[in-house]
Amino acid sequence: MSTYDKGLALRKQVLGAAHVERSLKAAEDDAFTRDLQRLVTEFGWGEIWGRPGLTLRERSLLNLALLTALNRPHELRTHVRGALNNGVTAAEMREVFLHTIAYCGFPAAIDSFRVAKEVLDEAKKPA
């Protein structure tokens, strides 16, 4: 299996096939973002997420903290959904965001709480 195929399988497993397929489809005919999607899938997911040593769940917890530190709410929204898919509970997310207060400050943690709450509330609604 190629690194790209490994990454694609992991990306779909964590983020959901519909989300990944939308992202790839949008870049299919777009020379500006096509290489980005290939690199995200091959390197980010195939090489990094596909490494041994940490579980997908542990990687999700790390991402929540890192995306809070970087103040990246759009990516955080995506990775809160992924964390849920990887078995991270709302209580564990809360602890991650509370922990970030000491290192990232209140504004970053408050924004992450806000984004995560929206995603958690959406996840509770019937489809």
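The values are calculated or read from the model by the stated rules, or taken from the named source; none is laboratory data. Predicted model, so just to flag it, every value in this text is computed and none were measured. Neighbour counts run over all protein chains shown; Cβ positions are idealised from the backbone, glycine included.
Observations
- Within segment 87-110, the set of residues being of a type in the set (A, V, I, L, M, F, W, C) and either not in a helix (DSSP H, G or I) or not assigned by TED's automatic domain parsing to the domain that holds ALA69 (or both) comprises just one member, VAL88.
- Qualifying positions in segment 63-78 - free of Cβ contacts under 8 Å to residues at least 60 places away in the same chain and either in the same structural domain as GLN13 (by TED's automatic domain parsing) or not hydrophobic (A, V, I, L, M, F, W, C) (or both): ASN63, THR68, ASN71, ARG72, PRO73, HIS74, GLU75, ARG77
- Residue among ARG11, ARG34 that is in contact with a helix residue (DSSP H, G or I) (Cβ under 7 Å, 6 or more places away or on another chain), surrounded by 15 or more Cβ atoms within 10 Å (Cβ to Cβ) and not aliphatic (A, V, I, L, M): ARG11
- Selection of segment 80-94 for residues being within 17 Å of the chain's Cα centre (by Cα) and either more than 25 Å from ALA18 (Cβ to Cβ) or surrounded by 14 or more Cβ atoms within 10 Å (Cβ to Cβ) (or both) yields VAL80, ARG81, GLY82, ALA83, LEU84, ASN85, ASN86, VAL88, ALA90, GLU92, MET93, ARG94.
- In segment 19-31, the residue that is nearest to HIS74 (Cα to Cα) out of those that are touching a helix residue (DSSP H, G or I) at 6+ places or on another chain (Cβ under 9 Å) and aliphatic (A, V, I, L, M) is VAL20.
- Qualifying residue in segment 70-79 (condition: farther than 17 Å from VAL115 by Cβ, hydroxyl-bearing (Ser, Thr, Tyr) and under 13 Å from the mean Cα position of the chain (by Cα)): no
- Restricting attention to segment 14-31, the residues that are part of a loop (DSSP other than H, G, I, E, B) and either surrounded by 17 or more Cβ atoms within 10 Å (Cβ to Cβ) or under 19 Å from the mean Cα position of the chain (by Cα) (or both) total 1.
- The test for being within 24 Å of GLY7 (Cα to Cα), assigned by TED's automatic domain parsing to the domain that holds THR3 and either part of a loop (DSSP other than H, G, I, E, B) or free of Cβ contacts under 8 Å to residues at least 60 places away in the same chain (or both) holds for GLY46.
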